[in-house]
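Let me begin by presenting the structure, written as structure tokens, before commenting on it.
The values are calculated or read from the model by the stated rules, or taken from the named source; none is laboratory data. Remember, it's a predicted structure, so these values are computed and weren't measured experimentally. FYI the Cβ positions are ideal-geometry reconstructions off the backbone, even for glycines, and counts take in every protein chain you see.
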Amino acid sequence: MNNVTIARKLTLLVGTVLAVLITFGILSVMQNDRVKGTWDDYQATVATRQTLISEIRSLFGYGGAIHAFKNYVLRSTPKQADRAREGLAGVARIIDQYKAIAGLSAVETDALDAVKATVDKYNNAVDTVAALIAQGKTVAEIDAVIKIDDNPALKAFQALSKEYERHTAAITEQINDSITTFRAALIVSIALTLLLFSLVGFFLTRQITQSIRSLLGVTERVAGGDFTVDITVTGRDEIGQLMTATKNMVETLARTLGEVRAAADSLAACSEEVSATSQTLAQGSSEQAASLEETTASIEQMSASIGQNTDNAKVTDGIASKSAGNATDGGQAVRATV
């Protein structure tokens, strides 16, 4: 991973997160389809059961076929007979629709057969009542002949209601399981996403901070004048490139500093030579000054001697002049004597 750039690492992180989110989205859609399928099954089977049971009760019970049959027995009107036959036919039709539902249990089948048997008894009873009415039988006589037990049908309705409740509970459990599974998948996906973010963020942050700390230590040592620091480049990402550039910079600075030190040493050597030459020149100048002083003293001494000689010459000249005068006077005296 050290050779992968930070931009690629971030791209990989985002891509991984997107992959997780997309996977979660696909799972969510699949789970949603499952829930929808379960709900469709509920609508197609359980809800249909409830509707058909309600219609059977409505057509068969109070206000329906049985009620019309009893009214027919009491009033002996063909209208009531027609209503009874119509209601019983409706119940039989709904029973056939119920039996067409897929996945019926044995309890439901037996209950529907029991209701259908009761319907058949009432259909036969309508014909029997019509025949008795035609014979002029009284209501009491007809009622004494017609004995239909409704308990099997009532028990069948109870059994169908329990089966409906059982199917409803099963569908509800499936929906709850689907919702629970979806919720668990959501929690797991969020947890995985957060864990992935945390792990990648942790390792990426640690790598960057370690490299920056190492680089900071290098810069502090360089700032302190230590150009012998060794920089180890551990990757080719942006941090690695920065460390490589810093290493090159430090090497260049160290090389430049070496050249400057060499030039300074050379300059120091030249300065020492110039100093020695200056000292030699100064010593020569001192010697020349001493010689010059000696020469000056000699010249001054000579000048003094010359001045003295001049004075002596003047004295001598005076003496000579005086001697010459004396000689002249002596000559005149001699000549005068003679």
Fill in: Only one of Thr205, Thr181, Thr244, Thr219 that is among the hydroxyl-bearing types (Ser, Thr, Tyr) and either surrounded by fewer than 12 Cβ atoms within 10 Å (Cβ to Cβ) or within 30 Å of Ser58 (Cα to Cα) (or both)
Thr205
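Going by the structure shown, is Ile171 closer than 28 Å to Leu27 by Cα and modelled with pLDDT under 85?
Values: closer than 28 Å to Leu27 by Cα: yes; modelled with pLDDT under 85: yes.
Yes.
Can you work out which of the residues in segment 1-48 that are in a helix (DSSP H, G or I) and among the hydroxyl-bearing types (Ser, Thr, Tyr) is modelled with the highest pLDDT? It would help to see each step written out before you state the result.
Here is the first cut: in segment 1-48, the ones in a helix (DSSP H, G or I) are 6-48.
Add one more test, that the residue is among the hydroxyl-bearing types (Ser, Thr, Tyr), and what stays is 11, 16, 23, 28, 38, 42, 45, 48.
Details: Thr11: 80, Thr16: 76, Thr23: 80, Ser28: 73, Thr38: 69, Tyr42: 66, Thr45: 72, Thr48: 89.
Checking each candidate, the answer is Thr48.
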Fill in: Phe227, sole failed condition from (1) surrounded by 11 or more Cβ atoms within 10 Å (Cβ to Cβ); (2) in a helix (DSSP H, G or I)
(2)
Practice prompt. State all residues of segment 65-115 that are surrounded by 14 or more Cβ atoms within 10 Å (Cβ to Cβ) and assigned to a loop (DSSP other than H, G, I, E, B); if no residue qualifies, say none.
Written response: Ser76, Ile101, Leu104
